[in-house]
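Values in this text are rule-based calculations from the coordinates and carry no lab data. Quick caveat: nothing in here was measured; it's all calculated off a predicted structure. Positions of Cβ are generated from backbone atoms using ideal geometry, with glycine treated the same way; all protein chains shown enter the neighbour counts.
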Amino acid sequence: MATFRRYFNNQQEYIFVTFVTYNRREILIPNIDLFKESIKYTKTKFIFDIFAIAVMQDHCHIIINTDNSQEAPLIIKSLKYYFSSNIPDEYIYQNISESAKKRNEKGIWQRRYYDHIIRNEEDLFRHVDYIHYNSVKHYNILPKDWKYSSFINFVKKDWYDINWCNFNDEYKIKELNFE
């Protein structure tokens with residue numbers, strides 16, 4: 001089995017995380033209220049802010065800002081645990097492996113996730129762009145029309161023009177791939 005190393009230090013950092021549903025099942029948007037509850041629950045356990053987010057049908061991209069980056073894996077674990085523990089039975093995957101059963105998994109999430117410590121301002125901006133581009137990449141829906149992301153909050157702060165990321169790719173964003 002592969003051993004994954006995660007580099008964290010004890011200072012405040014932005015961390016980009018992607019986590020995916022088991023077998024890429026499209027269960028997040030139908031359960032978006034539960035997903036929001038999961039975030040609220042996790043915020044009662046850990047101190048962190050969500051800098052940017054996009055929830056897709058089968059995965060989520062998020063940038064968290066925490067004073068203790070070593071807690072990042074625990075934050076993701078808590079969010080996934082609360083969601084899995086409270087999801088209606090109809091969304092629980094029935095054909096999970098024996099290995100998954102031994103771990104008390106429900107076939108809601110893939111075990112692993114991708115994380116990346118943001119190194120500098122340029123890296124942060126590229127990852128925020130990627131997060132908000134996801135609705136175009138996966139569904140051909142402009143960011144301004146995808147209500148499951150932080151894009152409109154960034155427009156209100158004048159970080160983006162409301163028409164950012166048009167289908168002609170005038171912002172040269174199609175090359176980004178952080179999945």
note = Kirkwood Rh over alpha-carbon pairs of the stretch 55-139 plugged into Stokes-Einstein at 4 °C, 1.567 mPa s gives a D in µm²/s of 86 µm²/s
Where a label projected 7 Å from the Cα of residue 70 along Cα→Cβ would reach, residues of the stretch 109-125 with amide N under 19 Å = 116-118
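Note down the magnitude of the dipole of the stretch 1-159 about its Cα centre, charges +1 on Lys and Arg C-beta and -1 on Asp and Glu C-beta and zero elsewhere, to the nearest 20 debye. Mind dumping the intermediate values first?
Numbers: 23 positive and 19 negative charges, 84 e Å.
It comes to approximately 400 debye.
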